[in-house]
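Chemist: Sharing a structure here in structure tokens format.
The values are calculated or read from the model by the stated rules, or taken from the named source; none is laboratory data. Quantities reported herein were computed from a predicted structural model and do not represent experimental measurements. In this analysis, Cβ positions are derived from the backbone assuming ideal geometry, glycine residues included, and neighbour counts consider all displayed protein chains.
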Number of protein chains: 2
Amino acid sequence: MPPVPAKSSPRSASTAVEDYLERILGLINTKGYARVVDIAGSLRISQASVTNMIQRLDAEGLLKYEKYRGLVLTTAGETLAKNITRRHELLTDFLKLLGLDAEVIYHDVEGMEHHISPSTLRAIESLTAQLQRQPALLARVREQVT
Amino acid sequence: MPPVPAKSSPRSASTAVEDYLERILGLINTKGYARVVDIAGSLRISQASVTNMIQRLDAEGLLKYEKYRGLVLTTAGETLAKNITRRHELLTDFLKLLGLDAEVIYHDVEGMEHHISPSTLRAIESLTAQLQRQPALLARVREQVT
DNA sequence: CAACACACTTAGCCCAGGCTAATATTGCCT
DNA sequence: AGGCAATATTAGCCTGGGCTAAGTGTGTTG
Ligand SMILES: [Mn+2]
Ligand SMILES: [Mn+2]
Ligand SMILES: [Mn+2]
Ligand SMILES: [Mn+2]
């Protein structure tokens, strides 16, 4: 058991930031916009906290915000948002294949998605594709799970 | 995209608590004991922070601590420690199968391990066993990854 | 048995990311 | 236009989990 590696550069975005961006993009894609009240309701966080975070994301250049008016993602913000969304979707597809319960999948994915490196993502992506051709193998897995 | 589910009961242990317990058990298993200075060095955290956390874990009944003397895990603490260790090992085995780099595996596992429900654990366990019988499939996955 | 190094604890601080209560702005409806 | 409900912001607070600096124990060794 080697020691934890020295922590490198502060890593891209915190899990909170990723969760906000993911929600904001989701809201924009389904309603056309993302207001403070929508984000708060959707994330089950107080409006005050959302306002706070939005101002931070604006300061960090991930979105453009005009007080009382609304927000749009910047290119940087949209890139991050699409990125976390991909991780979420891919993990969900993978766990669905294993026959897990939807609530369990959601819970686990919402946590795991923040810790998947690009190469791990590619590996699971590839594995998912391969597994789709293996119904017998999947059946055996699902049997164990239930 | 449904809203985040209402947060249920505060869930067992925080990721920090799990990481401490995992390390403590690891140290006990390899050196026979876990002192503040060992935990701090191994986790790359200051001794002061370790003392602090250890006192919390004592208060929560996860270990018994005597100031300046040492600590032992309680049954509850040992159970949690073995549990997180199992998740760590299983995830590591799984990702190894996919041909990922050891550092990447360590990094990702260290984060993901805190977000794996029991049923997801069983599913990945079963999948890992099945995949071991599928060298051709694994070869195709590894090809994509590298 | 004294002194010193090392281990440990305490005190006081910081930041992320939540919260509530109070206040401000908007926009719609009469 | 004026008023009201909904929305948003600000102020002030809290907890978890880090940190450093300063002080306290302990055990080895001359
Ligand atoms: Mn998430
Ligand atoms: Mn997600
Ligand atoms: Mn961990
Ligand atoms: Mn671990």
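Chemist: Determine which member of the set A:GLU78, A:GLU113 is touching a Leu at 6+ places or on another chain (Cβ under 9 Å) and within 21 Å of B:HIS88 (Cα to Cα). Steps first, answer last, please.
Modeler: Working: A:GLU78 fails: within 21 Å of B:HIS88 (Cα to Cα).
Result: A:GLU113 is the single residue among A:GLU78, A:GLU113 that is touching a Leu at 6+ places or on another chain (Cβ under 9 Å) and within 21 Å of B:HIS88 (Cα to Cα).
Chemist: Can you find a residue that is within 15 Å of DNA strand C (Cβ to nearest atom) and surrounded by fewer than 12 Cβ atoms within 10 Å (Cβ to Cβ) anywhere in the stretch B:68-77? Before the answer, list the steps.
Modeler: Start the filter on the stretch B:68-77 by keeping residues that are within 15 Å of DNA strand C (Cβ to nearest atom), which leaves B:68-72.
Next, only the ones that are surrounded by fewer than 12 Cβ atoms within 10 Å (Cβ to Cβ) stay: B:68-69.
Yes: the stretch B:68-77 contains one or more residues that are within 15 Å of DNA strand C (Cβ to nearest atom) and surrounded by fewer than 12 Cβ atoms within 10 Å (Cβ to Cβ).
Chemist: Still on this structure, I have one more. Name the residues in the stretch B:87-141 that are touching a Phe, Trp or Tyr at 6+ places or on another chain (Cβ under 9 Å) and away from ligand 4 (no atom under 12 Å from the Cβ), would you?
Modeler: B:ILE124, B:GLU125, B:LEU127, B:THR128, B:LEU131
Chemist: Here's a follow-up. Among the candidates B:LEU100, B:LEU95, B:LEU127, single out the residue that is among the hydrophobic types (A, V, I, L, M, F, W, C), in a loop (DSSP other than H, G, I, E, B) and at the interface with chain A (Cβ under 8 Å from one of its Cβ atoms).
Modeler: B:LEU100
Chemist: Still on this model: Please find, within the stretch A:6-24, the residue that is farthest from DNA strand D (Cβ to nearest atom) out of those that are at pLDDT below 85 and either in contact with a helix residue (DSSP H, G or I) (Cβ under 6 Å, 6 or more places away or on another chain) or of a type in the set (Ser, Thr, Tyr) (or both). Explain how you work it out, then say what you get.
Modeler: Step one: of the stretch A:6-24, the residues at pLDDT below 85 are A:6-12.
Among the residues that remain, those that are also either in contact with a helix residue (DSSP H, G or I) (Cβ under 6 Å, 6 or more places away or on another chain) or of a type in the set (Ser, Thr, Tyr) (or both) are: A:8-9, A:12.
On the way: A:SER8: 14, A:SER9: 16, A:SER12: 19 Å.
The qualifying residue farthest from DNA strand D (Cβ to nearest atom) is A:SER12.
Chemist: Name the pairs whose Cβ atoms lie under 7 Å apart, with the first residue in the stretch A:96-124 and within 16 Å of DNA strand C (Cβ to nearest atom), the second assigned to a loop (DSSP other than H, G, I, E, B), and 6 or more positions between them or separate chains?
Modeler: Listed by first residue and then by second, the contacts come to A:HIS107/B:SER117.
Chemist: Those residues that are part of a loop (DSSP other than H, G, I, E, B) and either touching a residue at least 40 places away in the same chain (Cβ under 8 Å) or buried (at least 19 other Cβ atoms within 10 Å of the Cβ) (or both), I need them from the stretch B:130-146; list them, please.
Modeler: Of everything in the stretch B:130-146, just one residue is part of a loop (DSSP other than H, G, I, E, B) and either touching a residue at least 40 places away in the same chain (Cβ under 8 Å) or buried (at least 19 other Cβ atoms within 10 Å of the Cβ) (or both), namely B:THR146.
Chemist: Given (1) within 14 Å of chain A (Cβ to nearest Cβ); (2) away from DNA strand D (no atom under 12 Å from the Cβ), identify the lone condition not met by B:GLU78.
Modeler: (1)
Chemist: For the condition of a type outside the set (S, T, N, Q) and within 12 Å of ligand 3 (Cβ to nearest atom), what is the one hit in B:GLU110, B:GLU78?
Modeler: One residue alone meets the criteria, B:GLU110.
Chemist: In the stretch B:98-138, which residues are more than 16 Å from ligand 2 (Cβ to nearest atom), farther than 18 Å from A:ARG133 by Cα and among the hydroxyl-bearing types (Ser, Thr, Tyr)?
Modeler: Of everything in the stretch B:98-138, those that are more than 16 Å from ligand 2 (Cβ to nearest atom), farther than 18 Å from A:ARG133 by Cα and among the hydroxyl-bearing types (Ser, Thr, Tyr) turn out to be B:TYR106, B:SER119.
Chemist: Turning to a different aspect of this structure: For the stretch A:103-120, which positions are of a type in the set (S, T, N, Q) and more than 7 Å from chain B (Cβ to nearest Cβ)?
Modeler: none
Chemist: Right, next: Where residues in the stretch B:59-79 are part of a helix (DSSP H, G or I) and closer than 23 Å to B:GLN47 by Cβ, which of them is nearest to ligand 1 (Cβ to nearest atom)?
Modeler: Ranking the candidates gives B:GLY77 first.
Results for (1) over 15 Å from the mean Cα position of the chain (by Cα); (2) within 15 Å of ligand 4 (Cβ to nearest atom); (3) assigned to a helix (DSSP H, G or I), shown as yes or no for each residue.
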position	(1), (2), (3)
B:SER8	yes, no, no
B:GLU18	no, yes, yes
B:GLU22	no, yes, yes
B:LEU27	no, yes, yes
B:TYR33	yes, no, no
B:ILE39	no, yes, yes
B:SER42	no, yes, yes
B:SER49	yes, no, yes
B:ASN52	yes, no, yes
